[in-house]
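Q: Mind looking over this structure? Questions follow.
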Amino acid sequence: MKASAVRVARPSAERVHRLHFTIAVFVLIAIALAGCNEQSSEARQTLLKVGDFTLIDDDGKEFHLASLQGKPTLLFFGYTHCPDACPMMMSKVSRAYRMVGEDAQQITTLFVSVDVDRDTPPVLKEYMSYFSAVPARGLTGTKEQIDEVVKKFAAYYEINDTGSAMGPTVDHTVRLYMLDRKGDVVVLFDASTPPEVIAKEMRKAL
Amino acid sequence: MRHALLIVALTMTSLVAAAESTLTIEEPWVREPNPARPVTAAYMTINNPTDDVVTVIGASSTAAEVVEIHEMKTVSGVMKMRMVDRLDVPAKSTVKLEPGGLHLMMIRLTGTLKDGDSVEIELKLEGGETMAVTVPVKKAEVHH
């Protein structure tokens, strides 16, 4: 018995044309979609151009913001005696990191202390080590250096002696800034932003 | 004999009355402190079922050297924290101590506190009454 010949479907000329046409359409759609994606990430407005700044990190070494260029960065201002707003912010950021997963480790979180007298590098180092899920660094400096950075970020702080046994309390704006790979501020979160939203923006930035 | 029994009965009643605090506390929790800083905040919902205002004028705890009542307020985007001398809980109402608002600040903690531990906080009320609350230590931010 002859094995039935495998029928080679020889495409007719017409079919070939249709195939090429279909491929071309797919390719065009793909290009269009890719273009759309690029547009949506480029369309992110720069909210603040902060340039570079120099502070002291929690190892006591000079830190330059420009050293983090090429990767997104999160930054907020606070102080270690803060019992409520700052731990809450760090806890939200930690949660967001866990939601994003391994990739999030590329994003550094900077905690800039506005309480230069009490938040020395060793204090900051120990404070930041508590947030093990987050590649975070504490930053401090002279009052002049901190004030300059606070101004760049349109933030505000004021140290007050309210008679508390804790010592001076620091009033401060509670905002989390996201900087893009170029080092410009592109997203602002506040105290009420849920971790899911932070995670979403982190994924977009990566 | 009857007098003695009466006295005992009255004493028992007054003891029970004193033990029955005027306020009820719900969902108390203390945020697990960062070991670098011996300061943390305690939160709870205070309910006053009585017909009169009840005022908390202070607090203490064996877990901290000092406990103060603090209030956080956001004024034009700036978060401010101020010590408060008295906390009125109006008649038949509830006051919530929660993140971003009122809290009991525990200052100079006497030991390490970890998630799962619990602390005793004593609320001092105007009029002399005190109220003991057992408060669990929690690491995570409580979502409402």
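Q: Give me the one-decimal nm value for the distance between modelled label points at A:N160 and B:R86, 7 Å along each residue's Cα-to-Cβ direction.
A: My value for the distance between the label points is 2.1 nm.
Q: Simple spin-label model, 7 Å along Cα-to-Cβ: B:T130 to A:R181 in nm?
A: Taking the two extended label points, one gets 6.2 nm.
Q: How much FRET efficiency would the formula 1/(1 + (r/R0)^6) give for A:Q105 and A:K49, where r is the Cβ-Cβ distance and R0 is 22 Å, rounded to 0.05?
A: Once rounded, the FRET efficiency stands at 0.25.
Q: Using amide H atoms built 1.01 Å from N in the peptide plane, name the residues 5+ places from A:V186, or on other chains, whose amide H lies under 5 Å from its own.
A: Hits under the 5 Å cutoff: A:L47, A:M178, A:L179, A:D180.
Q: If eta is 0.692 mPa s and T is 37 °C, what Stokes-Einstein diffusion coefficient results for region A:75-206, Kirkwood Rh from Cα pairs, in µm²/s?
A: 216 µm²/s
Q: Rounded to the nearest 20 Debye, what is the dipole magnitude of region A:104-173 about its Cα centre when Lys and Arg each give +1 and Asp and Glu each give -1 at the C-beta?
A: Magnitude of the dipole: close to 320 debye.
Q: Give, as a single signed number, the net charge of other residues whose beta carbon lies under 13 Å from the beta carbon of A:D117, with Lys and Arg counted +1 and Asp and Glu -1.
A: Here the count lands on -1.
Q: Taking both sides together, what accessible area is buried at the A/B interface, probe 1.4 Å, expressed in Å² and rounded to the nearest 100?
A: By this definition, chains A and B bury close to 2500 Å².
Q: Additional query: For the pair A:S129 and A:V197, what calculated FRET efficiency results from E = 1/(1 + (r/R0)^6), where r is the Cβ-Cβ distance and R0 = 22 Å, to the nearest 0.05?
A: 0.25
Q: Be a star and scan region A:172-206 for residues whose amide nitrogen sits under 18 Å from the point 7 Å along the Cα-to-Cβ vector of B:E71.
A: Under 18 Å, as judged by backbone N against the label point of B:E71, lie A:172 of region A:172-206.
Q: Let me check against my output: what whole-number percent is the relative contact order of region B:30-144, with C-alpha pairs under 8 Å and at least 6 apart?
A: 35 percent
The values are calculated or read from the model by the stated rules, or taken from the named source; none is laboratory data. Note that the structure is predicted; figures quoted are calculated from it, not measured. Heads up, the Cβs are rebuilt from the backbone with ideal geometry, glycines too, and the neighbour counts pull from every protein chain shown. With ligands, DNA and RNA removed, areas are computed over all heavy atoms of the protein, side chains included. Shrake-Rupley method; radii C 1.70, N 1.55, O 1.52, S 1.80 Å.
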